Amino acid sequence: HPSLDPFWERAQALNAVVYLHPADPLTPAPVLDGYNGLRRATWEWTFETGSHALRIMFGGVFDRFPRAKLALGHLGETLPFLLWRFDSRAGPGFYAVKLKKLPSQYVKDNVVVATSGMCSAEPLNCTIDALGHDHVLFAADYPFESAEEAGHFIDSVALDDGVRNAICRDNATRLLALRSG
């Protein structure tokens, strides 16, 4: 909503990364009624958070604030896996979304993702292929997932050492303006 523009303006001016974290929706998704195993962290939070991120993009926030950065956990709440679909539906002939760039470009330019709760090589590799390793940060997702399992995963998954170092340290140092040393 445009009333939030001062927030995005300030975040951009500070080079702050805004982390959009899942939470219980105000209105639980009726499609999941009777399937409690799909509630919350299993699936509900993913499509709820991903939908909010898409509303930010499709609402033109990154057109108005092109240097703003949004962080998402769980390897981007499925967004990296749907880039082509977002682009194909945003163009003429479908919904004719009025944006300066394709939706996939906003994900690539304005979104960074954390590995939190995703200890599997296939989605990690897909996310790296879709966004580039410079948009991926290591995280554990405690208390929902074991920090030890996350650490073991990132230490043992087949990655070039430079990519692993970027994901585990260098990207956070750059994005959060931390001093390295």
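The values are calculated or read from the model by the stated rules, or taken from the named source; none is laboratory data. None of the values given here were measured: they were computed from a predicted structure. Neighbour counts run over all protein chains shown; Cβ positions are idealised from the backbone, glycine included. SASA here: full protein model, heavy atoms, side chains in, ligands and nucleic acids out. Shrake-Rupley method; radii C 1.70, N 1.55, O 1.52, S 1.80 Å.
Quick notes on this structure:
- The C-beta contact set for segment 43-57 (first residue charged (D, E, K, R), second residue crowded, with 20+ Cβ neighbours inside 10 Å and modelled with pLDDT of 95 or more, distance under 9 angstrom, 6+ apart or interchain) comprises Glu48/Glu77; Arg55/Val61.
- Asn125 satisfies every condition listed in (1) without any contact (Cβ under 8 Å) to a residue 60 or more places away in the chain; (2) open to solvent by less than 50 Å² (accessible area, probe 1.4 Å); (3) closer than 24 Å to Pro22 by Cβ except (2).
- Single condition Arg39 does not satisfy, out of (1) loosely packed, with under 15 Cβ neighbours inside 10 Å; (2) more than 15 Å from the chain's Cα centre (by Cα); (3) free of Cβ contacts under 8 Å to residues at least 60 places away in the same chain: (1)
- From the list Asp5, Asp33, the lone residue that is surrounded by fewer than 19 Cβ atoms within 10 Å (Cβ to Cβ) and either over 24 Å from Leu176 (Cβ atoms) or touching a Pro at 6+ places or on another chain (Cβ under 6 Å) (or both) is Asp33.
- Filter result (under 23 Å from Ala177 (Cα atoms) and not in a strand (DSSP E or B)) within segment 66-92: Pro66, Arg67, Ala68, Gly73, His74, Leu75, Gly76
- When we screen Asp109, Asp63 for residues that are open to solvent by less than 70 Å² (accessible area, probe 1.4 Å), touching a residue at least 40 places away in the same chain (Cβ under 8 Å), among the charged types (D, E, K, R) and not in a loop (DSSP other than H, G, I, E, B), the only hit is Asp109.
- Residue in segment 18-28 that is open to solvent by 10 Å² or more (accessible area, probe 1.4 Å), farther than 30 Å from Gly151 by Cβ and either assigned to a strand (DSSP E or B) or β-branched (Val, Ile, Thr) (or both) present: yes
- Which numbered condition Gly117 misses (of (1) farther than 27 Å from Arg10 by Cα; (2) of a type outside the set (D, E, K, R); (3) free of Cβ contacts under 8 Å to residues at least 60 places away in the same chain): (3)
- With respect to the conditions (1) open to solvent by less than 20 Å² (accessible area, probe 1.4 Å); (2) under 14 Å from the mean Cα position of the chain (by Cα); (3) hydrophobic (A, V, I, L, M, F, W, C), Val157 falls short on a single one, namely (2).
- The condition of being in a loop (DSSP other than H, G, I, E, B) and either under 26 Å from Leu178 (Cα atoms) or among the aliphatic types (A, V, I, L, M) (or both) holds for Ala96.
- Look at segment 129-142: where a residue is surrounded by fewer than 18 Cβ atoms within 10 Å (Cβ to Cβ) and a partner is not in a strand (DSSP E or B), sitting 6+ places away or on another chain with Cβ atoms under 7 Å, you get Asp134/Ala166; Asp134/Asn171.
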